[in-house]
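In what follows, a single structure is set out as structure tokens and then discussed.
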Amino acid sequence: MTHPLAEESNIFEQLINLNKQLGLKFEKCMGISPSKLRLLYELYQVDEISQTTLQKKVDIDNAAVTRHLKQLELSGMVGRRMNPTDNRVTLVCLTDHGRKEIISLREEKTQFITRMLKDFNEQERDALCNMLKRMLNNIGY
């Protein structure tokens, strides 16, 4: 008989591995990291936003947001400029190229998720979703 703590430890390790593999496979398939995609989704919802407000919305540390935005700016998907009324504030927006890309990225993300959950029926998906929500709640997320 398996000791309950060993079983719980196994679940924890599988979740850690799933998180790692999910990020790697997602980026390989999509050509963009989940974090960058979250930034683009948030930018898609607004015309322009301060980098600080964007960072708080996506809940990614400030250094990572800056790094991601610099890379997205180099790829032509994001534009950044200083706020003309307060040069301490950086304003961020999607470029026209970024707005076009986000549409195809949404479709690719849907296909990725569909493949990932292909063998799960509706009840299993609901149960999994509920369990993950409970786990997040239990760790105080």
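A Gaussian network model of the chain, with springs between Cα atoms under 10 Å, assigns the largest mean-square fluctuation among I11, I103, I113 to I11. Going from the residue with the fewest nearby Cβ atoms within 10 Å to the one with the most, F112, F12 rank F12, F112.
Using the structure shown, list the pairs from K25/K57; K28/K56; K36/K70; K57/K109 with a Cα-Cα distance above 18 Å, or answer none. Cα-Cα > 18 Å for K25/K57; K28/K56; K57/K109; rest within. Derived scalar couplings between HN and Hα for the range 49-64 equal 8, 6, 4, 5, 5, 4, 4, 5, 5, 8, 6, 10, 4, 4, 5, 5 Hz in order, rounded to whole Hz, by the Karplus curve 6.51 cos²θ - 1.76 cosθ + 1.60 (θ = phi - 60°), x for Gly and Pro.
Here the ratio of the Cα radius of gyration of the chain to 2.2 N^0.38 Å is 1.29. G140 sits among other residues whose Cβ lies under 15 Å from its own Cβ, and their net charge, with Lys and Arg +1 and Asp and Glu -1, is +1.
Here the extension length gained between R38 and E124 equals 28.4 nm, from 0.36 nm per residue of separation less the Cα-Cα distance.
The numbers here are math on the coordinates, done by the rules we state, and not lab data. Here the structure is a predicted model, which means the values were calculated and not measured. Note that we place each Cβ from the backbone using ideal geometry, even for glycine, and neighbour counts take in every protein chain shown.
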